[in-house]
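Asker: This is the structure, below, for whatever I ask next.
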Amino acid sequence: MAYHNQYRPPHYNSAPPDQGFLWNIFQRVDKDRSGAISDTELQQALSNGTWTPFNPVTVRSIISMFDRENKGGVNFNEFAGVWKYISDWQNIFRTYDKDNSGFIDKNELKQALTGFGEFVIIVIFYDSQNHRQCCLFLFFNPLLTDVFRRYDTDQDGWIQVSYEQYLSMVFNVV
Amino acid sequence: DRSGYISAKELKQALMNSNNSSFNDETCMMMLRRVDVFGFSALWTFLQQWRAVFQQFDRDRSGSINSNEMHQALSQMGYNLSPQFIQELVNRYSARGVNRVLQLDRFIQVCTQLQSMTQAFREKDTAMTGNVRMSYEDFLSV
């Protein structure tokens with residue numbers, strides 16, 4: 001998943017979090033105290049707002065984006081990167097949440113998506129006081145965008161495809 | 001490991017193709033999801049049913065399904081797909097370093113994915129024209 005690194009969000013200069021605060025969170029998530037947060041640990045820490053576990057493919061993408069040593073987890077320094085990445089996106093979220101509702105509604109989302117072409121997931125972290133820190137995580141899937149764009153010749157965001165074309169498109173991304 | 005739960009790793013060790021290769025990760029994960037919903041015995045029934053279909057269409061008894069056999073299998077299942085498309089499908093999903101054939105695991109994977117994608121297509125193609133018009137948003141939600 002190396003291509004993810006080319007698509008970092010524009011820097012919104014989110015203030016670096018207090019190291020102590022970040023270390024607290026890191027320790028809570030790193031349950032087996034291995035010094036690195038694994039896929040499983042991150043999955044357990046993330047909530048998508050329902051009872052179903054966070055999608056393991058998404059978790060894998062997040063970890064692989066920051067796991068520089070290919071060890072299958074992120075250490076504290078790399079985790080700081082994860083945090084900053086999400087904070088940057090949180091700022092972008094805020095610029096699209098025009099009515100400041102804390103949610104992006106369908107219209108706001110449509111604008112955001114047309115702008116960046118990402119797949120959107122809501123990530124909820126719990127801070128040390130068990131308060132929900134809601135943030136929007138934008139997971140890049142340039143593959144989805146590429147495949148769609150190939151068929152959208154007039155670039156209007158709509159395509160007309162036959163059954164087999166449709167199958168080809170989807171099989172290209174699964 | 002007698003934990004009362006079957007992990008993907010344990011499932012992978014239990015399931016084998018006829019050429020003694022273990023089931024690929026995607027098929028194992030897909031089956032694990034079914035265990036959550038339907039329980040283990042239903043999973044086993046599911047597997048046996050697919051194995052029966054596989055054997056029915058593995059006409060040359062090679063232990064794998066080639067593009068031709070796949071075409072017959074899919075026709076029988078009611079799919080109307082071009083031979084070229086099926087060839088590409090088999091090529092894409094065949095294990096690396098092997099002839100362009102599907103073992104049981106990938107056969108199951110392809111068929112089940114085809115089922116859900118066709119379902120998704122049908123939901124959009126209410127007029128049954130064989131064509132759909134969809135937005136980027138629609139495509140993402142697939």
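Read-outs: derived from the displayed coordinates by stated rules, not from any lab. Owing to the predicted nature of the structure, the values given are computational and were not obtained by experimental measurement. Cβ coordinates were reconstructed from backbone atoms using ideal geometry, including for glycine residues, and neighbour counts include every protein chain displayed.
Asker: Could you grab the relative contact order for chain B? Cα pairs under 8 Å, six or more apart, rounded to a whole percent.
Answerer: It rounds to 20 percent for chain B.
Asker: While we're looking at this one, here's another question. How far is it, in nm, from the label point at residue A:71 to the one at residue B:91 when both lie 7 Å from their Cα along the line to the Cβ?
Answerer: The two pseudo-label positions are separated by 4.2 nm.
Asker: Right, here's the next one. In the range B:26-123, which trypsin sites (Lys or Arg not before Pro) fall in coil by DSSP and have 11 or fewer other Cβ atoms within 10 Å?
Answerer: On the way: sites: B:33, B:34, B:51, B:59, B:61, B:92, B:96, B:100, B:106, B:122; in loops: B:59, B:61, B:96, B:100.
Here the sparse-neighbourhood loop sites are B:61, B:96.
Asker: Another question, then. What number, rounded to the nearest 500 deg cm²/dmol, is the helix-based mean residue ellipticity at 222 nm of chain B, given -39500 (n - 2.57) per DSSP H run of at least four residues and division by all its residues?
Answerer: When only DSSP H runs of four or more count, the value is -19000 deg cm²/dmol.
Asker: Right, something else. Residue A:21 versus residue B:99, label points 7 Å from Cα toward the beta carbon: distance in nm?
Answerer: 6.3
Asker: Between residue B:19 and residue B:75, what length comes free when the chain is fully extended (0.36 nm per residue of separation minus the Cα-Cα distance, one decimal in nm)?
Answerer: 17.6 nm
Asker: Please work out the FRET efficiency for the pair residue B:9 and residue B:40, using the Cβ-Cβ distance as r and a Förster radius of 25 Å; give the result to the nearest 0.05. Don't skip to the end; give the middle numbers.
Answerer: Numbers: r = 16 Å, r/R0 = 0.64.
In this case the efficiency is close to 0.95.
Asker: Grab the Cα-Cα distance for residue B:48 and residue B:131, subtract it from 0.36 nm times how many residues apart they are, and report the gain in nm with one decimal. Present the calculation step by step, with values, prior to reporting the outcome.
Answerer: On the way: separation 83, 0.36 × 83 = 29.88 nm, distance 3.47 nm.
Going from the current span to full extension adds 26.4 nm.
Asker: If you take each beta carbon of peptide B:126-136 and count the beta carbons of other chains within 10 angstrom, what is the mean?
Answerer: Details: counts 0, 0, 0, 2, 4, 6, 7, 4, 9, 8, 13.
For peptide B:126-136, the averaged partner shielding equals 5.
Asker: When you look at the Cβ of every residue in A:146-152, what mean number of other chain Cβ atoms sits within 10 Å?
Answerer: That works out to 2 on average.
Asker: Quick check of the Kirkwood formula: for chain B, what is the inverse mean of 1/r over all pairs of different Cα atoms, in Å? Intermediate results must be reported in sequence, preceding the final value.
Answerer: Details: mean 1/r = 0.0601 Å⁻¹.
Its Kirkwood hydrodynamic radius stands at 16.7 Å.
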